[in-house]
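Accompanying notes for the structure given below.
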Amino acid sequence: MVLNTPGKLALFRQRFSGLTYVYGTYDLWTGRAYQVKRPVTDEVLLGHLSGRQPYGVYLLCGEQTRAAVVDIDRPEPGPVLEFLGQARHYGLPVCVERSKSKGWHLWLFADSSGVPAWKARLVIRAVLGDIEQPNLEVFPKRDRLTEEASYGSFIHAPLFGRLVPLGRTVFVDPARNLEPCPDQWQILQDAGLLTESLLDEIIEINDLQPPEQLSRGVPLPPNRLSGRTWGLPPCARRILAEGVVDNQRVACFWLAVQLKKAGIPKDIALMALTAWAQKNRPRDGRRIITAAEVAYQTHYAYAKGYRGCGCGSPAVQPFCDGSCPLAAGHPRTSTGLNANWADH
């Protein structure tokens, strides 16, 4: 692995950072993994990239993590592609690494401030449940560090110099039959970043319940619909009546969710939303959402038990009514759930 600029080392440290006073490694001859209680210096990272000594990162820092990883310890690509497909539906950015042995690591990177580990783990576990792979290992393995678990578990970082020429510990391209990407550094540079607002929205609309929530005292995003029937809220009625100029696909999804919660059969909802699309007035010469796109958003809205109301979504906010009990006190602003829903 050629490393000829300080920027590459800084990028590597940015993507694969965790605890700074301890790291993991393994014996190159026996494969035995062990912990090293020393600072994570530039020399440690350079030793990894040059192939002298592997570096394993302890991702969990308190309750925050700057990356989350799904560890698939078998060679077949099926689970990888299934995870990518479902992650794409949620708008989750994923980079795929061919691990050092026979399997794969699926990396989700956050920005420098990180995201709460419990939220990342909860959402990833939901995706794994969707694809019927609930037993795959997720790093960090815990929601937080404690006095009893002050380090967590480390995971081997990619781009170990000795294995890169063998096509191992490298990032691969799902669009090219999972072949190694020609520019590994560009993959790291261009990686999409996981945000807490995206995790919050996925947790809310899927009504995900963290198993340790009560004991940890971490509040869930409020579920304003639990045990109640509201019919169509004012925002949905306005969007249906007026059409939209932006965020057609997001608006279509949220309308479909509301129609489902109101007890409207899917086929009737599809007819209504197809007619609604003709009221839209896209900006800047963009086209109106197609019937196929309406069907796609309606299918996903009806496929699962979505219970969110979309109050924080930029597609819904312009239509919010302050008197609506659903919107009252809504705490967050959405960044959008799925890249496929964004207008192009």
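Computed over the range 158-197, the P(r) curve from all C-alpha pair distances, binned at 5 Å from the origin, holds 6, 23, 24, 24, 12, 7, 3, 1 percent per bin. For Lys279, list long-range residues whose amide hydrogen, built 1.01 Å from N in the peptide plane, is under 5 Å from its own amide hydrogen. Counting only residues 5 or more places away or on other chains, the set is empty. Each of Arg38 and Glu242 was given a label point 7 Å from its Cα along the Cα-to-Cβ line. The distance between the two points is 6.4 nm. Remark on Gln53: its backbone amide H falls under 5 Å from those of His48, a criterion applied only to residues 5 or more positions apart or on other chains, H modelled at 1.01 Å from N. Here Lys261 is the anchor, and the lysines within straight C-alpha reach of less than 19 Å, apart from those fewer than 8 places off in the same chain, are Lys304. Just need the relative contact order of the range 6-200 here, percent rounded to a whole number, with Cα pairs under 8 Å and 6+ apart. For the range 6-200, the relative contact order is 26 percent. Extension gain for the segment Tyr21 to His89, taken as residue separation times 0.36 nm less the Cα-Cα distance, is 20.7 nm to one decimal. Annotation: peptides 154-162, 270-278, ranked by per-residue average of other Cβ atoms within 10 Å with the highest first, follow the order 154-162, 270-278.
Model label sites at Gln14 and Ala262, defined 7 Å from Cα along the beta-carbon direction, differ in position by 4.6 nm. Each peptide in 182-191, 44-53, 196-205, 246-255 gets a packing score, the mean of other Cβ atoms within 10 Å over its residues, and the list from highest to lowest is 246-255, 196-205, 44-53, 182-191. Sequence-ordered 3J(HN,Hα) estimates for the range 243-260 from the Karplus curve with 6.51, -1.76 and 1.60 and θ = phi - 60° stand at x, 10, 10, 9, 6, 4, 6, 5, 4, 4, 4, 5, 4, 4, 4, 5, 5, 5 Hz, glycine and proline given as x. Estimated at 0.36 nm per residue, the fully extended path between Leu166 and Ala295 surpasses their Cα-Cα distance by 42.0 nm. Pairs of C-alpha atoms in the range 6-200 farther apart than 27 Å represent 23 percent of all such pairs. For the pair Asp111 and Ser150, the difference between a 0.36 nm per residue extended length and the Cα-Cα distance amounts to 11.7 nm.
Here the spin labels are modelled as points 7 Å beyond Cα on the Cα-Cβ line, and at Lys141 and Asp71 they lie 0.6 nm apart. Couplings for the range 157-165, taken from phi via the Karplus curve 6.51 cos²θ - 1.76 cosθ + 1.60 with θ = phi - 60°, read 6, x, 6, 6, x, 6, 9, 4, x Hz in order; Gly and Pro are left as x. Taking a straight line from the alpha carbon of Lys260, not one of the aspartates and glutamates sits under 14 Å away once near neighbours fewer than eight places off in the same chain are left out. The equivalent ellipsoid that matches the C-alpha gyration tensor of the range 14-100 spans semi-axes of 27, 18, 11 angstrom, in descending order.
Rule-based calculations on the coordinates, nothing more; no lab input. These figures come from a predicted structure and were not determined experimentally. Glycine also receives a Cβ, built like all others from the backbone with ideal geometry; neighbour counts cover every protein chain displayed.
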